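The values are calculated or read from the model by the stated rules, or taken from the named source; none is laboratory data. As the structure is a prediction and not an experimental result, all values here were calculated from the model. Note: accessible area is taken over every heavy atom of the protein model, side chains too, but ligands, DNA and RNA are not part of it. Shrake-Rupley method; radii C 1.70, N 1.55, O 1.52, S 1.80 Å.
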Amino acid sequence: MSVELETGLPSVRQVQTCIKDRKAVELKLLTGDLIAGNILWQDPHCICVVDQSSQPTVIWRHAIAYLKSKG
């Protein structure tokens with residue numbers, strides 16, 4: 001069973017805009033860790049953020065406390 005990305009949700013549209021505009025973002029995880037970079041892609045379960053050294057990090061959506069645009 002496949003899960004579709006609900007593109008009508010405001011949160012999904014906001015992340016899509018960050019991807020399209022290549023905006024830098026900051027993600028705070030529920031663990032307190034802070035991840036900064038650009039969002040490369042998203043799916044129904046995860047978001048991939050690439051940092052300044054081109055290192056991709058895949059983050060489970062349920063681990064994110066907040067996401068904010070840095071520019």
Worksheet item: Can you list, bin by bin at 10 Å, the percent of alpha carbon pairs in the chain, starting at 0?
Response: 21, 57, 20, 2
Worksheet item: Want the number for D21 to S54: 0.36 nm per residue separation, take away the alpha-carbon distance, what's left?
Response: 10.1 nm
Worksheet entry | Reach of K68 by Cα under 16 Å, taken over aspartates and glutamates that are not fewer than 8 positions away in the same chain | D21, E26, D33, D51
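Can you work out the accessible area per residue across the chain, with the rest of the protein chains kept in place, probe 1.4 Å, in square angstrom?
70
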Worksheet item: Using θ = phi - 60° and the Karplus curve 6.51 cos²θ - 1.76 cosθ + 1.60, what whole-Hz ³J(HN,Hα) does each residue of segment 21-33 get, with Gly and Pro shown as x?
Response: 8, 6, 7, 6, 10, 10, 10, 9, 8, 4, 6, x, 5
Practice prompt. Give me the percent of DSSP beta bridges within the chain that run antiparallel, rounded to the nearest 5.
Written response: 100
Worksheet entry | Helix-only CD estimate at 222 nm, as mean residue ellipticity for the chain, using -39500 (n - 2.57) per DSSP H run (n ≥ 4) | -5000 deg cm²/dmol
Discussion item. Quick one: 3J(HN,Hα) in Hz for segment 9-16, Karplus 6.51/-1.76/1.60 with θ = phi - 60°, rounded, Gly and Pro as x.
Written reply: 6, x, 5, 5, 5, 5, 5, 4
